[in-house]
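Undergrad: The structure under discussion is supplied below as structure tokens; questions concerning it will follow.
The values are calculated or read from the model by the stated rules, or taken from the named source; none is laboratory data. Because the structure is a prediction, the values reported are computed rather than measured. Please note: Cβ atoms are built from the backbone with ideal geometry, for glycine as well, and neighbour counts cover all protein chains shown. Heavy atoms of the whole protein, side chains included, go into the accessibility calculation; ligands, DNA and RNA do not. Shrake-Rupley method; radii C 1.70, N 1.55, O 1.52, S 1.80 Å.
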Amino acid sequence: MECPVVVHEGQKLNKMAAIGQKWVPLYQVDAFTDQPFGGNAAAVCLLGDEELTDDHLQKIAAEMNQSETAFICKLSPQDDFISKNPSSQLTFQTLSGDLFARREGDFISLDLPENKSQPQDGGKYKDLIKATIGSFPVQEVRFCSSVGGDLLIRIPDSITREQFEKMTPDIQGMMAAHQEEIRGVIVTLKGSLENGCVDDEGVQYDFVSRFFDPWSGLPEDPVTGSAHTVLASYWAKELGKTEFYARQCSQRGGVLRVRLRGDGRVDVKGQAVVVTTGKIRI
């Protein structure tokens, strides 16, 4: 009499993997922080020479459920991904042009274009502004079209960091007040010792900010590198300096070192922590 053969789930998975399913390396990285579970969480998927449709990529990104998912492909079949790459600068060819990333000690610096904002009549966006900042007074409103359409709202210096971090936008109101030229809303506050905009060691931030983009399905972005290309341009004129220590005051929070260069570029620098490594089935 033959004994029944029991196939455990793990064995089933191994057999399935052996008959043609493809798996690629996947990392989850927390950027603009030196501690896990802070900053901006992003997934990084090393596709190599695999070619996937945009729909397939969107499904993977949805599965990862992060604010950003980056897919890294080879430029040629002979290329390879090198662990602990010794190069001080890497160039990524993206749909938005070349993206330069430099290693500077424990930091990674992104080389991005400066995005200038222009004064704006707040009346045009009064409903959106009200839904975003509630009863807070407005000191200045500006608009930047070159970054995709960001509304910049500066609130008075007398607002404390605690008040700023407790600010709760009316997301439904923002959705209803949206205008097609708006990508997101940046709210910013000048840092000072008096308003409590300091780090854990008491060092003052030059400015703090929050970024809201409910129209993309993410009400508040944890840390937004592109928004700091707008903020650097604005605060350079307000503060008379070109290097900034900044914090994005989302729930996760992130710390950035930002430098406005004289060639129309902005260095956005931060630390990063790898929190998950593994493989994903494609």
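Undergrad: Using a Gaussian network model of the chain with C-alpha springs under 10 Å, which one of Phe100, Phe32, Phe81 is most mobile by mean-square fluctuation?
TA: Checking each option, the largest mean-square fluctuation is seen for Phe81.
Undergrad: Rolling a 1.4 angstrom probe over the protein heavy atoms, how many square angstrom per residue are accessible across the range 114-153?
TA: Numbers: 1900 Å² over 40 residues.
Using a 1.4 Å probe on heavy atoms only, each residue of the range 114-153 averages 47 Å².
Undergrad: Please work out whether the range 34-94 counts as rounded, prolate or oblate from its C-alpha gyration tensor, where a ≥ b ≥ c are the square roots of the eigenvalues and a/c under 1.5 means rounded, while otherwise a/b larger than b/c means prolate and anything else oblate? Walk me through the numbers before you get to the answer.
TA: Values: a/c = 2.45, a/b = 1.09, b/c = 2.24.
Judged from the Cα gyration tensor, the range 34-94 comes out oblate (a/c at least 1.5, b/c at or above a/b).
Undergrad: How far, in nm, would the chain grow between Ser76 and Leu239 when pulled straight, counting 0.36 nm per residue and subtracting the alpha carbon separation? Before the final figure, lay out each step's value.
TA: On the way: separation 163, 0.36 × 163 = 58.68 nm, distance 4.61 nm.
Difference between extended and current length: 54.1 nm.
Undergrad: Related question: Normalising by the residue count of the chain, find the relative contact order in percent from Cα pairs under 8 Å and 6+ residues apart.
TA: Working: 541 pairs, mean separation 67.3, N = 282.
Answer for the chain is 24 percent.
Undergrad: Taking H as built 1.01 Å from N, whose amide H comes closer than 5 Å to the amide H of Leu152, not counting residues under 5 places away?
TA: Counting only residues 5 or more places away or on other chains, the set is Arg142, Phe143, Cys144, Ile186.
Undergrad: So how strong a dipole does the range 166-268 carry about its Cα centre when Lys and Arg Cβ are +1 and Asp and Glu Cβ are -1, to the nearest 20 debye?
TA: 200
Undergrad: Can you compute the modelled spin-label distance between Asp34 and Thr277, with each label point 7 Å from Cα toward Cβ, in nm?
TA: Once both label points are built, they end up 2.2 nm from each other.
Undergrad: Let me ask you something else. Assuming R0 = 35 Å, what is the FRET efficiency of Gln89 and Glu165, from their Cβ-Cβ distance, to the nearest 0.05? The partial results should precede the final answer.
TA: On the way: r = 35 Å, r/R0 = 1.00.
Using R0 = 35 Å, I get an efficiency of 0.50.
Undergrad: Tell me the mean residue ellipticity at 222 nm calculated for the chain from its helices only (DSSP H runs of n ≥ 4, each -39500 (n - 2.57), averaged over every residue, nearest 500). Don't jump to the answer; show the numbers that get you there.
TA: Values: 6 runs with 54 residues, N = 282.
Value at 222 nm, helices only: -5500 deg cm²/dmol.
Undergrad: Below 18 Å, Cα to Cα, which aspartates and glutamates can Lys22 reach? Residues fewer than 8 away in the same chain don't count.
TA: Asp49, Glu50, Glu51, Asp54, Asp55, Glu63, Asp80
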